[in-house]
Amino acid sequence: MSDVDVLTVPILTRVEGEGGLTIRLRGRTLVDVQLNIYEPPRLFEALLRGRPLEDVPDITARICGICPVAYQMSSVHALERALGVTISPEIRRLRRLLYCGEWIESHVLHMHLLHAPDFFQVHSGMELAQRFPDEVKRGLQLKKIGNQLLDALGGRAIHPINVRVGGFYRMPRRDELSLLIPSFEWGLEAAQEAARWVAGFPFPDFTQDYESVAVSHPDEYPMNEGDIISSTAGLIPVSEFDRHFQEEHVAHSTALHAVRLPQRSPYLVGPLARVNLHRERLFPAARRLADEIGFTTPCRNPYQAIIARGLEVVHAYEEALTILRDYVPRGPAHIPYSPRAGTGYAATEAPRGLLYHDYEIDDAGRVVSARIIPPTSQNQRRVEADLRALLHERLPTPMPREALGVACEQLVRTYDPCISCSTHFLKIHWEESPCRD
Amino acid sequence: MSRLIVGLGSPHGDDRAGWGVIDELQRRGVSADIARLARHPADLWNWCDPSTDLVICDACQGTGPVGTTRRWQWPDEPMTERIRQGTHDLPLAEVLALGRLLQSCPPTVVLWTIEGAAFFPETDLSPMVRAAVDRVADELCRNPVHA
């Protein structure tokens with residue numbers, strides 16, 4: 001056997017949470033690349049067992065500090081299906097409004113401070129802000145407005161507490177939401193400027209053949225209701241999730257990898273997949289902007305996911321503004337229900353992609369079992385496939401290892417991995433063995 | 001000048017320390033507009049401006065025995081790498097520096113840290129950290145301005 005050198009290069013920064021990357025080389029040939037996840041598996045599914053179903057939205061919101069609304073939305077939709085609850089159109093619109101606030105906050109942060117620095121060879125949002133102060137300041141303001149919406153509708157911005165099974169604990173007053181309209185009018189214009197800005201970034205020439213997967217609704221851009229659509233398999237009822245997708249344990253990660261069945265292949269979820277599949281369902285200003293900047297779909301360049309995020313921020317501002325302008329409190333804040341035994345499932349679109357939940361509850365309304373499949377777990381194998389392609393492409397040309405490591409980090413960051421939904425920490429380990437010939 | 005006390009944290013054991021201070025302050029009658037929970041340092045940009053009298057409370061590791069509390073004055077005392085490094089999207093020091101550059105955060109900030117021991121998901125504060133949370137809350141109530 002050849003001796004193996006293990007080398008560590010700097011920590012991957014600017015991702016949510018912490019993970020690791022191991023690259024094994026033989027000479028200039030790639031043997032393997034693995035995205036490692038060190039954190040003990042999330043215990044939330046086990047924590048939910050035996051708890052009253054009413055606790056589920058608040059507990060699942062704690063899984064992630066960036067996308068608590070997504071966890072709440074998938075859980076309440078799944079539980080409502082189990083209980084046979086049909087929510088009112090007013091509740092449904094308010095839930096989309098809440099989701100818009102989360103997409104805005106999450107996407108704007110990633111675009112401006114986590115991802116954009118990579119296109120200008122700077123190491124941090126701080127350095128980027130020194131070069132583009134107006135653009136970054138505009139980004140902070142866009143983020144702030146998303147936060148204000150979460151605060152107004154969710155009860156508070158951190159772990160919103162107003163969401164419950166059947167609806168909300170309290171409907172906001174009209175004046176509480178009307179106050180936000182001027183900010184959203186400014187935000188819609190500013191979001192378009194931000195999207196134009198990122199569309200002009202210098203993108204690496206790197207394309208992959210993706211199977212895009214997202215929630216699908218006949219009339220709406222995917223957010224919090226619908227079946228699932230795949231760019232290769234077409235429409236998949238959410239009830240058949242297990243026939244088409246499977247989670248697998250891999251030795252190098254404590255997060256499960258999701259694969260497509262039957263071929264066990266990776267697939268792509270997230271903003272790029274959504275825009276690829278649903279560009280025509282974007283709100284008009286976002287659609288016009290996609291035309292203006294020449295964003296053609298399907299886009300197979302992961303670095304351009306930042307443009308998809310920009311278009312979704314425009315969409316979220318426009319949809320939120322429409323809901324805010326039309327809002328009149330009407331009907332009950334929540335639909336009553338009686339506990340009954342049953343199972344329920346739902347997929348909604350977290351900022352980072354499809355988030356699937358399923359639950360079994362007993363006749364007393366207690367959770368018997370819970371399953372939560374976050375988007376970063378679903379993208380994990382896709383990230384590895386992209387890294388493999390990148391390394392195959394770059395390794396034949398002599399290149400400092402540090403530069404190669406940076407290129408890998410940048411590719412991982414295009415996914416905006418919310419590793420803390422399922423991980424912790426990212427360092428890169430190089431394991432090298434010399435050629436034996 | 002508006003006052004803002006922000007507790008940074010997560011629901012993971014002693015990482016709740018910052019939240020614990022906020023909960024304790026609210027229990028003692030401090031308004032939720034003044035004492036706020038945050039999950040990420042970047043949340044500060046949503047609530048601050050250059051004139052905000054900002055105090056941050058957070059868990060940390062590497063400052064001493066479990067339960068050690070320490071008051072820092074940023075930027076006069078640079079934070080160690082162990083404060084808010086790693087588990088979040090952007091480190092606290094970077095958030096504050098960028099906020100100051102873009103006039104979204106005050107030029108000086110008081111930071112209270114509490115040394116934690118265990119950070120397991122969905123567990124409670126350890127007893128030593130719980131006691132430290134009360135001491136920091138005492139300090140903040142005793143000397144409310146620039147505590």
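The values are calculated or read from the model by the stated rules, or taken from the named source; none is laboratory data. Remember, predicted model here, so these are calculated numbers, not experimental data. As a convention, Cβ positions derive from the backbone with ideal geometry for all residues, glycine included, and neighbour counts pool all protein chains shown. Accessible surface areas use protein heavy atoms only, side chains included; no ligands, DNA or RNA. Shrake-Rupley method; radii C 1.70, N 1.55, O 1.52, S 1.80 Å.
May I ask you to derive the FRET efficiency for A:Asp205 and A:Asp55 from their Cβ-Cβ distance with R0 = 45 Å, giving the value to the nearest 0.05? It comes to 0.35. Charge tally for A:Val215 (other residues, Cβ to Cβ under 12 Å; Lys, Arg +1; Asp, Glu -1): -2.
Accessible-area rank, largest first, for B:Ser126, B:Ser31: B:Ser31, B:Ser126, with all protein chains present and a 1.4 angstrom probe.
Averaged per residue, what accessible surface does chain B expose to a 1.4 Å probe, in Å²? It would help to have the intermediate numbers written out before the result.
Values: 5730 Å² over 147 residues.
Counting only protein heavy atoms, the per-residue value for chain B is 39 Å².
Counting only helical runs of four or more DSSP H residues, what would the 222 nm mean residue ellipticity of chain A come to if each run contributes -39,500 (n - 2.57) and the total is spread over all its residues? It would help to have the intermediate numbers written out before the result.
Details: 14 runs with 177 residues, N = 437.
Per the formula, -12500 deg cm²/dmol.
How large, in Å, is the range A:225-321 by the Kirkwood hydrodynamic radius built from its alpha-carbon pairs? Spell out each step's value before the answer.
Details: mean 1/r = 0.0661 Å⁻¹.
15.1 Å is the Kirkwood radius here.
List residues of the range B:1-35, by number, whose backbone nitrogen lies under 11 Å from a label position 7 Å along Cα→C-beta of A:Trp186. Correct set: none at all.
At 1.4 Å probe size, with the rest of the protein present, what percent of the exposed accessible area of chain A is carbon and sulfur atoms?
Numbers: 8080 of 15950 Å².
That fraction is 51 percent.
Averaged over peptide B:37-49, the number of partner chain Cβ atoms lying within 10 Å of each residue's Cβ comes to 5. If you run the Gaussian network model on chain A, springs between alpha carbon atoms under 10 Å, then out of A:Ala316, A:Ala273, A:Ala389 the most flexible one is A:Ala389. Cα centroids of the range A:109-165 and the range A:213-267: 28 Å apart. Peptide B:90-99 shows a mean partner chain C-beta count of 4 within 10 Å per residue C-beta.
Count neighbours as other Cβ atoms within 10 Å of each site's Cβ, and list the chymotrypsin sites (Phe, Trp or Tyr not before Pro) in the range A:88-183 that are DSSP loop with at most 15 such neighbours.
Values: sites: A:Tyr99, A:Trp103, A:Phe119, A:Phe120, A:Phe168, A:Tyr169; in loops: A:Tyr169.
Here the sparse-neighbourhood loop sites are A:Tyr169.
Between chains B and A, what is the buried accessible area summed over both chains (1.4 Å probe, protein heavy atoms, nearest 100 Å²)? Numbers along the way, then the final one.
Numbers: alone 7120 and 17280 Å², together 21680 Å².
Counting protein atoms only, the buried area is about 2700 Å².
A:Asp219 sits with roughly 120 Å² accessible to a 1.4 Å probe, with DNA, RNA and ligands left out of the calculation. Tell me, how many Å apart are the Cα centres for the range A:313-383 and for the range B:17-77? Distance between centres, Cα-based: 31 Å.
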